[in-house]
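Engineer: The structure follows.
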């Protein structure tokens, strides 16, 4: 690990002032100053020499309003510094937003969930082997160097949203629940706080895979908000082992069913795309219809329309369809 300095922010303004020093370099791997919360991704990548900050700013003292879990007004507000384990165990979140609780419960390990924050989780870097090993070419880590995954072992890589520059899969679980529920994200910076749809936070790789989000250098996520309640919602994750493993395919599904007819449907995919992926065309097939397994199958087919597999990851398409259909069935038949 390279040498770095450490400072502990006393309040949001101090943290944002310190982080503003990173504004000279927009690349996350080379930013001079990085925020430290749970550190479950950052420290790991520093050890691998993938990220090389000169200074770390500990933002844990910002906990308080930045770590609140609030459902008082019939909506949900989650502070970005709330720990994954606290949100997953929150009884009202489990009751009104089971897709949120399940996406967090199925992530990482108990030890990591006790450390990791919600804000850090949605910003975690890819687990692509070639990104995390500096001996390989990687356009995300070193723009213009090439993508070793294209012709390498790409079993874990994306079949949706990829480009000829990058096929790395977005690794998280919680983000799929957020995008399915039309969450908003609050972003704090020296110029103030702005709010935007969570669906606009992450950027597809295109020709600039090194730019992963729309966050400006020095900005921090301060909270997530979700309007309304979604008790009929589930998160389903298929992986190589039952714990401490990233998704081969996952689905976040939320339904509003009245008298057996689907009034509203949300479907998001994980483990198969370069960013948190909303399957809007698939959702449209559900609205106004009575749910049955045949409909679930058609929705699953639509969710993977346009998928582009590589040599080793074509299995993700069929697997993903089965995961979507099963998640829909589980959501449609759950008792609420």
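Engineer: Please determine, by comparing only the residues of the range 178-200 that are touching a helix residue (DSSP H, G or I) at 6+ places or on another chain (Cβ under 8 Å) and within 17 Å of residue 37 (Cβ to Cβ), which one is surrounded by the fewest Cβ atoms within 10 Å (Cβ to Cβ).
Structural biologist: Of everything passing the filter in the range 178-200, 189 is surrounded by the fewest Cβ atoms within 10 Å (Cβ to Cβ).
Engineer: Any idea which of 175, 168, 162 is in contact (Cβ under 8 Å) with a residue 24 or more places away in the chain, surrounded by 16 or more Cβ atoms within 10 Å (Cβ to Cβ) and in a helix (DSSP H, G or I)?
Structural biologist: 175
Engineer: State whether one or more residues within the range 267-280 are free of Cβ contacts under 8 Å to residues at least 40 places away in the same chain and out of contact with any helix residue (DSSP H, G or I) (no Cβ under 7 Å at 6 or more places or on another chain).
Structural biologist: So far as the range 267-280 goes, yes, one or more of its residues are free of Cβ contacts under 8 Å to residues at least 40 places away in the same chain and out of contact with any helix residue (DSSP H, G or I) (no Cβ under 7 Å at 6 or more places or on another chain).
Engineer: Just one of the numbered conditions (1) surrounded by fewer than 20 Cβ atoms within 10 Å (Cβ to Cβ); (2) not in a strand (DSSP E or B) is not true of residue 66; which one?
Structural biologist: Of (1) surrounded by fewer than 20 Cβ atoms within 10 Å (Cβ to Cβ); (2) not in a strand (DSSP E or B), only one is false for residue 66: (1).
Engineer: Evaluate the range 91-101: report whether one residue or more is under 18 Å from residue 123 (Cβ atoms), crowded, with 16+ Cβ neighbours inside 10 Å and at pLDDT 95 or above.
Structural biologist: Yes, the conditions are met somewhere in the range 91-101.
Engineer: Moving on. Quick check, is residue 267 assigned to a strand (DSSP E or B) and at negative phi?
Structural biologist: Against the criterion (assigned to a strand (DSSP E or B) and at negative phi), residue 267 qualifies.
Engineer: Just one of 275, 323 is over 30 Å from residue 192 (Cβ atoms), crowded, with 20+ Cβ neighbours inside 10 Å, in contact with a strand residue (DSSP E or B) (Cβ under 7 Å, 6 or more places away or on another chain) and at pLDDT 95 or above; which is it?
Structural biologist: Testing whether each residue is over 30 Å from residue 192 (Cβ atoms), crowded, with 20+ Cβ neighbours inside 10 Å, in contact with a strand residue (DSSP E or B) (Cβ under 7 Å, 6 or more places away or on another chain) and at pLDDT 95 or above leaves just 323.
Engineer: For the range 253-265, state whether one or more residues are in contact with a helix residue (DSSP H, G or I) (Cβ under 7 Å, 6 or more places away or on another chain) and surrounded by fewer than 18 Cβ atoms within 10 Å (Cβ to Cβ).
Structural biologist: The answer is no, given that none of the residues of the range 253-265 is in contact with a helix residue (DSSP H, G or I) (Cβ under 7 Å, 6 or more places away or on another chain) and surrounded by fewer than 18 Cβ atoms within 10 Å (Cβ to Cβ).
The values are calculated or read from the model by the stated rules, or taken from the named source; none is laboratory data. Here the structure is a predicted model, which means the values were calculated and not measured. Methodologically, a virtual Cβ is constructed for each residue, glycine included, from the backbone with ideal geometry; neighbour enumeration extends over all protein chains shown.
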